[in-house]
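In what follows, a single structure is set out as structure tokens and then discussed.
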Amino acid sequence: MKKYSDCLVLVVFVLLALSPALQAQNNGTADEATIRENVKLLETGWNTKSGAVFAKPFAEEADYVVINGMYIKGRPTIEKAHQQIFDTIYKETTITLTVKQIRFLRPDVAVVHVKGDRTGPTRDLQQKAMLTLVMTKEGQGWTIAAFQNTGGAGKN
């Protein structure tokens, strides 16, 4: 009986010791899923030509560096600027976004690298890009605090 109780104590001790690690792993998995959903929302916003949907995952005061190097600030400006390009120059384009890496700097801060491919009816509307997103976890969930869009013709 003593051996049985000693084993039971050991099992309980091991489970308690592993509990925080397992919980952190489960939180990491849930956080990664939410981050991927935000990237999917960017893609959906672009492909449905909705500035509001595209801008939804951004923090209220987000920093955004456009593919041409222009800097804009804040979700309302990101929404308005994207709606303008969706209604004009990028009206006939679609994008595909693929998360390449999510690296947690802290439990509430992640750097996310995303491969972007824009297609359109003419060559000048086609573009490959690598996006760098800094995402933070606040009370309302994960949002994009900073977004850097680097374009190029090469493979990404």
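Quick notes on this structure:
- Along the range 133-139 the Karplus relation, 6.51 cos²θ - 1.76 cosθ + 1.60 evaluated at θ = phi - 60°, assigns HN-Hα couplings of 10, 9, 10, 10, 9, 10, x Hz to successive residues, with x for each Gly and Pro.
- Å² per residue, accessible surface of the range 53-156 at 1.4 Å: 56
- Among the GluC sites (Glu not before Pro) found in the range 36-102, those both in a DSSP coil and sparsely packed, with 12 or fewer other Cβ atoms within 10 Å of their Cβ, are Glu92.
- Accessible-area composition of the range 35-76, carbon plus sulfur, in percent [1.4 Å probe]: 59
- Applying the criteria of a DSSP loop state and at most 16 other Cβ atoms within 10 Å to the trypsin sites (Lys or Arg not before Pro) of the range 54-131 yields Lys91.
- Karplus-based coupling profile of the range 74-87, in residue order and whole Hz: x, 4, x, 5, 4, 4, 5, 5, 6, 4, 4, 6, 5, 7, with θ = phi - 60° in 6.51 cos²θ - 1.76 cosθ + 1.60 and x standing for Gly or Pro.
- The mean sequence separation of alpha-carbon pairs under 8 Å and at least six residues apart, normalised by the residue count of the range 36-122, gives a relative contact order of 24 percent.
The values are calculated or read from the model by the stated rules, or taken from the named source; none is laboratory data. Quick caveat: nothing in here was measured; it's all calculated off a predicted structure. Reconstructed Cβ throughout: ideal geometry from the backbone, glycine too, with neighbour counts over all protein chains shown. These area figures cover heavy atoms from the full protein model, side chains too; ligands, DNA and RNA do not enter into them. Shrake-Rupley method; radii C 1.70, N 1.55, O 1.52, S 1.80 Å.
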